[in-house]
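For reference, the structure is listed below as structure tokens.
The values are calculated or read from the model by the stated rules, or taken from the named source; none is laboratory data. Since this is a predicted model, take the numbers as computed values, not measurements. Every residue, glycine among them, receives a Cβ derived from its backbone with ideal geometry; neighbour counts consider all protein chains shown. Areas reflect the complete protein model, heavy atoms only, side chains present, ligands, DNA and RNA absent. Shrake-Rupley method; radii C 1.70, N 1.55, O 1.52, S 1.80 Å.
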Amino acid sequence: MPSYKLYYFPLKGRAEVIRLLFAQAGVELEDIRINFEEWPARKHEMPFGQMPVLEVDGKKICQSAAIGRYVAREFNLGGKDSFSAAKSDEFSDAVMDIMMKLPWTEKDEEKKKVLMATALNETIPPMLATLEGLLEGDFYAGEFTVGDIVLASSADHLLSLKPDILDPTPKLKALKERVFAMPNIAKYLATRPKTAM
Ligand SMILES: N[C@@H](CCC(=O)N[C@@H](CS)C(=O)NCC(=O)O)C(=O)O
């Protein structure tokens, strides 16, 4: 088994799906959390000057989606064939489209409040409803894949911002709960560092 090191900020953010994949697979991961004070001096170590970065036996992989898909393939969570993998990716990408509606980079607190309310109350609910309509059975690709972990982790973040956001989409809510109840994932969730995002 290779040695794995994940570099990211002390946040869930773009790294949490990767951490959840390792937890589900029961594979050891050195979860290196670089704080914001330390970051300017470490930025040059990362090929794109950004994180997350996964180091596999000393070789770096960048871009959270690429890392997630690589890890999922390594641990048989990427889909049993190309079609299933594509359905998993379709779900992940659609969920990321939803998450990108949040005003992540807005610095003005007043503007951010307004943009956040519009995203959570107007823009995101119909997008969630579309996914609800497409979800058949227990898992999106017809088997448990990384796409379901992306949904669960993103739903967790949306619920922290608006606790009733999944009430109109009970199948998505149940999927998030099903993933978070998986024994290895539940064990990780019970012990993971508490972070705001
Ligand atoms: N497309 C990249 C985006 C990575 C990214 O934006 N990382 C941010 C944190 S979420 C970062 O490293 N920011 C610090 C910087 O750019 O100096 C990915 O998905 O990995």
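In summary, Leu102 fulfils each of the numbered conditions (1) within 18 Å of the chain's Cα centre (by Cα); (2) within 25 Å of Val27 (Cα to Cα) with the single exception of condition (2).
Looking at this structure, is Glu90 within 23 Å of Tyr70 (Cβ to Cβ), at pLDDT 95 or above and either of a type outside the set (A, V, I, L, M) or open to solvent by 80 Å² or more (accessible area, probe 1.4 Å) (or both)? So Glu90 fits the description; yes.
For region 19-34, the tally of residues that are farther than 14 Å from Ile61 by Cβ, open to solvent by less than 30 Å² (accessible area, probe 1.4 Å) and more than 11 Å from the ligand (Cβ to nearest atom) stands at 4.
If you go through region 66-83 and keep only what is buried (at least 16 other Cβ atoms within 10 Å of the Cβ) and either part of a strand (DSSP E or B) or within 16 Å of the ligand (Cβ to nearest atom) (or both), you end up with Ile67, Gly68, Arg69, Tyr70, Val71, Ala72.
Filtering region 124-158 to residues that are part of a loop (DSSP other than H, G, I, E, B), out of contact with any Asp or Glu (no Cβ under 6 Å at 6 or more places or on another chain) and among the hydrophobic types (A, V, I, L, M, F, W, C) leaves Leu135, Ala141, Phe144. In summary, no strands (runs of 3 or more DSSP E) completely within region 1-59 bear 3 or more residues that are within 13 Å of the chain's Cα centre (by Cα).
The lone criterion from (1) open to solvent by 70 Å² or more (accessible area, probe 1.4 Å); (2) touching a residue at least 40 places away in the same chain (Cβ under 8 Å) left unmet by Pro126 is number (2).
Are any residues in region 159-188 hydrophobic (A, V, I, L, M, F, W, C), free of Cβ contacts under 8 Å to residues at least 40 places away in the same chain and either more than 23 Å from Asn76 (Cα to Cα) or not in a loop (DSSP other than H, G, I, E, B) (or both), and if so, which ones? Don't jump to the end; show me each part of the working.
Keep residues of region 159-188 that are hydrophobic (A, V, I, L, M, F, W, C), which gives 159, 161, 165-166, 172, 174-175, 179-182, 185-186.
Cutting the leftovers down to free of Cβ contacts under 8 Å to residues at least 40 places away in the same chain gives us 159, 166, 174, 179-181, 186.
Passing the criteria: Leu159, Leu166, Ala174, Val179, Phe180, Ala186.
Only one entry in Glu37, Glu106, Glu16, Glu55 is surrounded by fewer than 11 Cβ atoms within 10 Å (Cβ to Cβ), within 16 Å of the ligand (Cβ to nearest atom) and among the acidic types (Asp, Glu), namely Glu37.
Among residues of region 25-49 that are of a type in the set (A, V, I, L, M, F, W, C), those with a Cβ under 7 angstrom from a residue that is in a strand (DSSP E or B) and open to solvent by 60 Å² or more (accessible area, probe 1.4 Å), sequence gap 6+ or separate chain, pair up as Ile32/Lys5. Within region 72-94, the set of residues being over 25 Å from Leu29 (Cα atoms) and of a type in the set (A, V, I, L, M, F, W, C) comprises Phe83, Ala86, Phe91, Ala94.
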